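The values are calculated or read from the model by the stated rules, or taken from the named source; none is laboratory data. Computed from a predicted structure; not experimentally measured. Heads up, the Cβs are rebuilt from the backbone with ideal geometry, glycines too, and the neighbour counts pull from every protein chain shown.
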Amino acid sequence: MLATLCFLFCGTTAKAQRLAVGTNALEWYVTAPNAQVVVVTGERTTLHFDGLYCNKPFGKDIRLASFSPEVRYWFIGRPFTKFFVGGVAGFNEYKYNRKDTEHNGYAYTAGLSAGYDFLLGKKLSLDLSIGAGVARYREKDGDNGFAPVPMKLGVSLIYVIE
């Protein structure tokens, strides 16, 4: 109630949050359907939610499901414009065979990312991103530990909905 009164009588203006959707072409290349949702959270910040699912890419016995939220800081002062750095976290569930050993489990990841956005139009941009971090993994056979991992490698097309 107090917030409503302040809004009506204190001359505050409301600003709509910008929303964008996208997809990573590199993940599609390895037959991993994926989607991205981006919310502008401030003048220089955005919150990204990336998800993908991959089952038997190129006929290989691999399964991967991943969800990775990321916070980005934009240096130019406007989201979707030029250089950014970010912090990425994630949850991954996987199953694959390597050197006659089955790996079946899940991993929590955390790391840093950086990239550049090219404006292609008023509502369209090309997002290039790369990142690295560490994974805490646990497999169903009891094996667990930490490992360095690539966190991001993206060539994404982003469409701003507003």
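Select from the range 1-28 the residues that are in a helix (DSSP H, G or I) and within 17 Å of Ser125 (Cα to Cα) and write down the one among them that is modelled with the highest pLDDT.
Here the residue is Ala25.
Go through the range 29-41 residue by residue and tally those that are at pLDDT 90 or above and either part of a helix (DSSP H, G or I) or of a type outside the set (Val, Ile, Thr) (or both).
Qualifying residue count, the range 29-41: 4.
Could you say whether any residue in the range 106-115 is surrounded by 13 or more Cβ atoms within 10 Å (Cβ to Cβ) and polar (S, T, N, Q)?
Checked the range 106-115: at least one residue is surrounded by 13 or more Cβ atoms within 10 Å (Cβ to Cβ) and polar (S, T, N, Q).
For Arg138, which of the numbered conditions (1) within 25 Å of Tyr29 (Cβ to Cβ); (2) in contact with a Gly (Cβ under 8 Å, 6 or more places away or on another chain) fails to hold?
(1)
Can you tell which of Lys60, Lys99, Lys122, Lys152 is at pLDDT below 90, under 22 Å from Trp28 (Cα atoms) and surrounded by fewer than 19 Cβ atoms within 10 Å (Cβ to Cβ)?
Going through Lys60, Lys99, Lys122, Lys152 in turn, the sole match is Lys60.
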